[in-house]
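For reference, the structure is listed below as structure tokens.
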Amino acid sequence: MFHVTTLVNALSLANDHFSGFIAEKELVGLNNALGKYLSTPVSFDEFVPDFNRSTVDGYAIRADDVRGCSESNPGLLRLIGSVEMGKHANLRIDRMSAITVPTGAEVPDGADAVVMIEYAEKLSKDEIAILKPVAPGANMIFRGDDGKPGEELLPQGKRLNAADIGSLAAIGVTEVEVYRPFKLGILSTGDELIKPEEKPRSGQIRDVNSPLLVAFTRQLGFEPIVHEFIRDQEALLEAALDELLDASDCILVSGGTSVGVRDNLARVIEKRGKILVHGLAVKPGKPTIIADIGGKPVIGLPGNPVAAYFITRLLVKPLLLQLLNTNAEESSVPAVMASAYSSNQGREEFLLVRLTDGISHPIPSKSGLITNVSRANGFIRIPRDSEGLAKNAEVQVTYL
């Protein structure tokens, strides 16, 4: 028997229940840190950069010395030297003087701006004409513009991308503490399943959910532990579940989550742990199970691949990321409905759409048609108290 609850309530209950889950940590070098989640924040312990830098090839000056200058009335300055790339600028800018600086070089003391070389004319060995005024701070990066000691660079739970790796290198961090990637046990069940490379006979379908869940796991930077799909037999399910519990941090089981004679997952779980939720007020995805076995999350996903996709994305993903002290981010944009769509009251519905030029075209999906997800580029969440959406109704489309 289902005792359905909303997706929001189910996720909140799961987050609270597993709040004491402790993810393992490890220290990795930057070359192995991409895609990992920080287990502790990283802060600056120095000024970056540690000197004032020029962003152009030009002349370091005092902006006030060339105020109001132009091509017809240039500002004439004494050229007193140049700065070499990678070396300290020993010279100092005094009134009505200038120093040559290349892009990235240190701007000498006394200067508060850099004039681009295109807006200057060298009149002699020690005199230049400035043809265009500049504001204080122009064409410069000041000491500490990128960061100052004590400022946080990256928060706990941040998934490291290429720019983050570069930023860590910039402040001299060569190793970071990250969460060890979760191992997700993956199991599909069903008498009708065959391998993807096999040709289905009447009544058979290829196992879609195992490859789908493997891809999802890797997309999040986790490690899939895949068990070959099994038939709908309670003894086989018990053995497979025990095997995955030993090897995994969390288990995703697709199929067998309903309340039919051959739906064994709930019974098997109750022998080993506790069911927190059995039934969600969503479409697709009603026969979803959230359970705890030995302190590990066990999620029972519907066998319907479209339902498995949405529950994995909207429940499993945020739950796992919460355990790593981060949040699942979803990107959405406003749009209008190209046509009306009727929905059932009582269940939140996820409607696949094709978004084109701000117009949202519904892609109604029957049970099991995973290819419709590939045809869509977004989806709409229709509230459970809604009877549907009218043509030209304003909606928020979440990108796939």
In this structure, the FRET efficiency calculated for ALA235 and LYS317 from their beta-carbon separation, with R0 = 45 Å, to the nearest 0.05, is 0.90
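Helix-only estimate, please: 222 nm mean residue ellipticity of the chain, summing -39500 (n - 2.57) across DSSP H runs of length 4 or more and dividing by its residues, to the nearest 500.
Numbers: 8 runs with 72 residues, N = 400.
-5000 deg cm²/dmol, from helical runs alone.
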So THR356 and ALA163, fully extended at 0.36 nm per residue minus their Cα-Cα distance, gain in nm 66.4 nm
Between the modelled labels at GLU177 and SER339 (7 Å from Cα along Cα→Cβ) the distance in nm is 5.6
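Tell me the trypsin sites (Lys or Arg not before Pro) within segment 37-75 that lie in a loop according to DSSP and have at most 12 other beta-carbon atoms within 10 Å. Numbers along the way, then the final one.
On the way: sites: ARG53, ARG62, ARG67; in loops: ARG62, ARG67.
Those that pass, being in a loop and sparsely packed, are ARG67.
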Place a point 7 Å from the Cα of ILE22 in the direction of its beta carbon; the residues of segment 264-307 whose amide N falls under 18 Å from it are 294-297
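Sort segment 256-297 into rounded, prolate or oblate with this rule: let a ≥ b ≥ c be the square roots of the eigenvalues of the Cα gyration tensor; rounded if a/c is under 1.5, and if a/c is not under 1.5, prolate when a/b is larger than b/c, oblate otherwise. Could the numbers behind the result be given before it?
Details: a/c = 3.04, a/b = 1.33, b/c = 2.28.
Taking the square roots of the gyration eigenvalues as a ≥ b ≥ c, segment 256-297 is oblate.
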Quick calc: nm separation of the 7 Å Cα→Cβ label points for HIS3 and GLU121 -> 8.7
Rounded to a whole %, the carbon-and-sulfur portion of the accessible area of segment 156-269 at a 1.4 Å probe is 50
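Which translational diffusion coefficient, to the nearest whole µm²/s, is obtained for the chain from the Stokes-Einstein equation, given a Kirkwood hydrodynamic radius over C-alpha pairs, 37 °C and 0.692 mPa s?
Working: Rh = 25.6 Å.
Translational diffusion coefficient: 128 µm²/s.
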Averaged per residue, the 1.4 Å probe accessible area of the chain, protein heavy atoms only, in Å², is roughly 49
For the pair ASP64 and GLU228, the simple spin-label estimate (label points 7 Å beyond Cα toward Cβ) gives in nm 8.3
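If you filter segment 1-70 for GluC sites (Glu not before Pro), then keep DSSP loop positions with at most 16 other Cβ within 10 Å, what is left?
Loop-located and lightly packed - GLU24, GLU46.
Using only Cα atoms, figure out Rg for segment 207-293 and give it as a multiple of 2.2 N^0.38 Å. Walk me through the numbers on the way to the answer.
On the way: Rg = 12.9 Å, N = 87, 2.2 N^0.38 = 12.0 Å.
In units of the 2.2 N^0.38 Å rule of thumb, it is 1.08.
Of the beta bridges DSSP finds with both residues in the chain, what % are antiparallel, to the nearest 5? Numbers along the way, then the final one.
On the way: 55 of 80 bridges.
Roughly 70 percent of the beta bridges in the chain run antiparallel, per DSSP.
The values are calculated or read from the model by the stated rules, or taken from the named source; none is laboratory data. Given the structure is predicted, the values throughout are model-derived calculations rather than measurements. Counting neighbours? That spans all protein chains shown, and the Cβs are built from the backbone with ideal geometry, glycine included. Areas reflect the complete protein model, heavy atoms only, side chains present, ligands, DNA and RNA absent. Shrake-Rupley method; radii C 1.70, N 1.55, O 1.52, S 1.80 Å.
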